[in-house]
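To start, I am sharing the structure in question, which I have written as structure tokens.
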Amino acid sequence: MADTLRVAIILNPELPPGLLANTAGVIGIGLAAKFPMLAGISLTDAKGVTTDSISKTPLPILQATPDHIKALMFKALDAAGERSVVVFPSFARTMHQFGQYEMTFPQRDLYDEVLDGVGLTGPEKWIKSLTGNLKLLR
């Protein structure tokens with residue numbers, strides 16, 4: 001990717017803290033799966049303790065209403081080029097195994113679903129154009 005790679009996660013701020021954390025975590029895993037260069041190295045401290053690294057890029061967690069998240073997702077999906085769009089629809093919370101989610105997803109229409117969050121990875125200019133007016137989640 002020639003342009004600087006950026007990442008953003010946008011969440012519904014009305015979710016309780018535990019669901020916010022879960023949504024951000026699973027979206028982050030989805031983004032890193034497509035772009036493993038977001039982390040993927042090991043670091044060793046002064047005493048020889050080795051761990052896997054945190055993200056190499058800043059990861060802002062932003063906030064938006066479910067309707068804004070949906071509009072943002074569809075706008076992002078229309079973009080060409082190398083990018084990742086990871087969505088977390090509310091119905092996913094009712095499923096505790098990915099296989100169930102994988103089988104159910106094709107039967108759902110994202111236009112009709114409530115979205116708890118979306119994650120984006122792509123060129124810096126593109127990410128900023130989509131998220132520049134959003135506030136940080138606090």
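Could you please give the count of residues in segment 114-136 that are open to solvent by 40 Å² or more (accessible area, probe 1.4 Å), assigned to a strand (DSSP E or B) and at pLDDT below 95?
Total meeting the criteria: 0.
Please work out if GLY81 is of a type in the set (Gly, Ala, Ser) and open to solvent by 60 Å² or more (accessible area, probe 1.4 Å).
So GLY81 fits the description; yes.
Within the set of pairs 6+ apart or on separate chains, which have a first residue in segment 70-83 that is free of Cβ contacts under 8 Å to residues at least 60 places away in the same chain and part of a loop (DSSP other than H, G, I, E, B), a second that is open to solvent by less than 20 Å² (accessible area, probe 1.4 Å) and small (Gly, Ala, Ser), and C-beta atoms under 9 Å apart?
Matching pairs, first to second residue: ALA79/GLY122; GLY81/GLY122; ARG83/ALA76; ARG83/GLY122.
Among (1) open to solvent by 70 Å² or more (accessible area, probe 1.4 Å); (2) modelled with pLDDT under 95, there is one condition SER55 misses while meeting the rest; what is its number?
(1)
Would you say GLY99 is open to solvent by 30 Å² or more (accessible area, probe 1.4 Å) and assigned to a loop (DSSP other than H, G, I, E, B)?
When the stated conditions are applied, GLY99 does not pass them.
Since LEU15 meets every condition but one in (1) assigned to a helix (DSSP H, G or I); (2) aliphatic (A, V, I, L, M); (3) at pLDDT 95 or above; (4) open to solvent by less than 40 Å² (accessible area, probe 1.4 Å), which condition does it not meet?
Of everything listed in (1) assigned to a helix (DSSP H, G or I); (2) aliphatic (A, V, I, L, M); (3) at pLDDT 95 or above; (4) open to solvent by less than 40 Å² (accessible area, probe 1.4 Å), LEU15 misses just condition (1).
The values are calculated or read from the model by the stated rules, or taken from the named source; none is laboratory data. Bear in mind that the values here come from a model prediction, so they are computed numbers and not experimental data. Cβ sites come from the backbone with ideal geometry, for glycine too, and all protein chains shown count toward neighbours. The accessibility values were calculated without ligands, DNA or RNA, using every heavy atom of the protein model including side chains. Shrake-Rupley method; radii C 1.70, N 1.55, O 1.52, S 1.80 Å.
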